[in-house]
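What follows draws every value from the coordinates through simple rules; no lab data is involved. Since this is a predicted model, take the numbers as computed values, not measurements. Methodologically, a virtual Cβ is constructed for each residue, glycine included, from the backbone with ideal geometry; neighbour enumeration extends over all protein chains shown.
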Amino acid sequence: MKIRIPVLVLALGLASSAAFAQGSVITESMGGTYKDPVQRAADSYSRGARFKAKAEQALEPKEKTKQYLRAKEEFAKSIGYTENFDALLALGQVYLALGQKASALDSCSRARAYKPNDEAAKACATEARATPAPVATAAGTASPPGRR
């Protein structure tokens with residue numbers, strides 16, 4: 001009988017410490033999951049890609065702009081979590097669609113740092129560097145952009 005009591009006390013002591021230790025560890029069963037920055041970046045990129053696709057399919061300019069702005073936010077979030085080629089390139093393309101060439105050039109150039117020979121990144125940077133063609137006036141002479 002003497003041996004049983006210490007064994008029982010020891011077993012109860014171990015069981016209570018294990019229960020305490022388990023209570024202090026965050027697990028998925030406690031109502032949440034942990035997403036590392038790479039997964040969060042991927043989620044934001046995915047949402048941005050959906051908004052970009054919607055913008056490309058939109059017929060009305062107002063809807064197109066709205067979807068591009070939403071895509072821009074998501075791509076920027078993705079880059080904020082973890083800078084990556086795909087989000088930088090997509091952000092540059094969205095900036096081009098919105099007419100923000102300086103921001104497009106920045107994003108496309110940063111994308112090219114990851115993949116210097118990528119054709120899409122080269123095209124994005126080239127388009128962002130291009131100046132708009134001169135506007136022809138009624139007299140048939142060309143004037144610099146912004147002057148008519």
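Look at TYR34 and say whether it is out of contact with any Asp or Glu (no Cβ under 6 Å at 6 or more places or on another chain) and more than 23 Å from ALA128 (Cβ to Cβ). So that I can check it myself, show each step before the final result.
On the way: out of contact with any Asp or Glu (no Cβ under 6 Å at 6 or more places or on another chain): yes; more than 23 Å from ALA128 (Cβ to Cβ): yes.
Considered against the rule, which asks whether it is out of contact with any Asp or Glu (no Cβ under 6 Å at 6 or more places or on another chain) and more than 23 Å from ALA128 (Cβ to Cβ), TYR34 comes out as yes.
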I'd like the full set of residues that are under 13 Å from the mean Cα position of the chain (by Cα) and either surrounded by fewer than 21 Cβ atoms within 10 Å (Cβ to Cβ) or on the phi > 0 side of the Ramachandran plot (or both), limited to the stretch 80-119. GLY80, TYR81, THR82, GLU83, ASN84, PHE85, ASP86
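Just wondering, is there one or more residues in the stretch 41-56 that are assigned to a loop (DSSP other than H, G, I, E, B) and either of a type in the set (Val, Ile, Thr) or surrounded by 14 or more Cβ atoms within 10 Å (Cβ to Cβ) (or both)?
Of the stretch 41-56, the ones assigned to a loop (DSSP other than H, G, I, E, B) are none.
The answer is no, given that none of the residues of the stretch 41-56 is assigned to a loop (DSSP other than H, G, I, E, B) and either of a type in the set (Val, Ile, Thr) or surrounded by 14 or more Cβ atoms within 10 Å (Cβ to Cβ) (or both).
Give the residues of the stretch 59-79 that are among the acidic types (Asp, Glu) and crowded, with 17+ Cβ neighbours inside 10 Å, sorted by residue number.
Taking the stretch 59-79 and keeping what is among the acidic types (Asp, Glu), we get 60, 63, 73-74.
The one that is among the acidic types (Asp, Glu) and crowded, with 17+ Cβ neighbours inside 10 Å: GLU74.
Could you look through the stretch 81-121, keep only residues that are among the hydroxyl-bearing types (Ser, Thr, Tyr) and part of a helix (DSSP H, G or I), and pick out the one that is farthest from TYR68 (Cα to Cα)? Spell out the reasoning first.
Here is the first cut: in the stretch 81-121, the residues among the hydroxyl-bearing types (Ser, Thr, Tyr) are 81-82, 95, 103, 107, 109, 114.
Remaining after also requiring part of a helix (DSSP H, G or I): 81, 95, 103, 107, 109, 114.
Numbers: TYR81: 20, TYR95: 8, SER103: 14, SER107: 15, SER109: 20, TYR114: 24 Å.
Among those residues, the one meeting the criterion is TYR114.
Of these, GLU74, GLU63, which one is touching a Gly at 6+ places or on another chain (Cβ under 7 Å) and either β-branched (Val, Ile, Thr) or farther than 22 Å from PRO116 by Cα (or both)? Please lay out each step first, then the result.
Values: GLU63 fails: touching a Gly at 6+ places or on another chain (Cβ under 7 Å).
Exactly one residue qualifies, and that residue is GLU74.
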Within the set of pairs 6+ apart or on separate chains, which have a first residue in the stretch 90-103 that is under 18 Å from LYS54 (Cβ atoms), a second that is aromatic (Phe, Trp, Tyr), and C-beta atoms under 8 Å apart? ALA90/TYR45; ALA90/PHE75; LEU91/PHE75; VAL94/TYR68; VAL94/PHE75; ALA97/TYR68; LEU98/TYR68
